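Q: Supplied in structure tokens, the structure appears directly below.
The values are calculated or read from the model by the stated rules, or taken from the named source; none is laboratory data. On a predicted model such as this, the values are computed, not experimentally measured, just so you know. Cβ placement follows ideal geometry from the backbone for every residue including glycine, while neighbour counts extend to all protein chains displayed. Just the protein is used for accessible areas: all its heavy atoms, side chains included, with ligands, DNA and RNA removed. Shrake-Rupley method; radii C 1.70, N 1.55, O 1.52, S 1.80 Å.
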Amino acid sequence: MKEWNDDQWRELFDRHTPQPKHDRWFTRRVMNRLPRKRWSLETKISLVVLVLILLICTALCVTFARELVVNPCWSCAGTWVMYGALTAACFLFAAQLNAFFRSLYDAS
């Protein structure tokens, strides 16, 4: 039996190994060293806060709609306080949604 040196083995494997179809700069070794796309703790907390603000917005919207159906008073202070709280919660929701998408983009 004939023993082969490293160069002969390398030549054999180079001839019979299929070439990758992707860009030559992204070898398997480089791709294995890239970090996996995982959600960080910041992204998870941001998602939880986003869901909580969405629930608060929904509850305020339902309460505001019930208030207007029962007592359609646009000159009452309670109506404007509820309308202001709903508006503030919607702005908080939009800001938190932006932060959540930003943290998702940074993680990828």
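Q: Describe numerically, in nm with one decimal, the distance between label points set 7 Å from Cα along Cα→Cβ at Arg102 and at Arg10.
A: It is 5.0 nm.
Q: Probe radius 1.4 Å, ligands and nucleic acids left out: which of Tyr83, Tyr105 has the largest accessible area, and how do the rest follow?
A: Solvent-accessible surface, decreasing: Tyr105, Tyr83.
Q: Nearest 0.05, what FRET efficiency do Cys61 and Arg38 give at R0 = 35 Å with Cβ-Cβ as r?
A: So the FRET efficiency works out to roughly 0.55.
Q: Length gain on complete extension for the stretch Val48 to Val69, per 0.36 nm per residue less the alpha carbon to alpha carbon distance?
A: Going from the current span to full extension adds 4.4 nm.
Q: Sort Leu34, Leu12, Leu41, Leu50 from largest to smallest accessible area, using a 1.4 Å probe on the heavy atoms of the protein chains.
A: Sorted by accessible area, descending: Leu41, Leu34, Leu12, Leu50.
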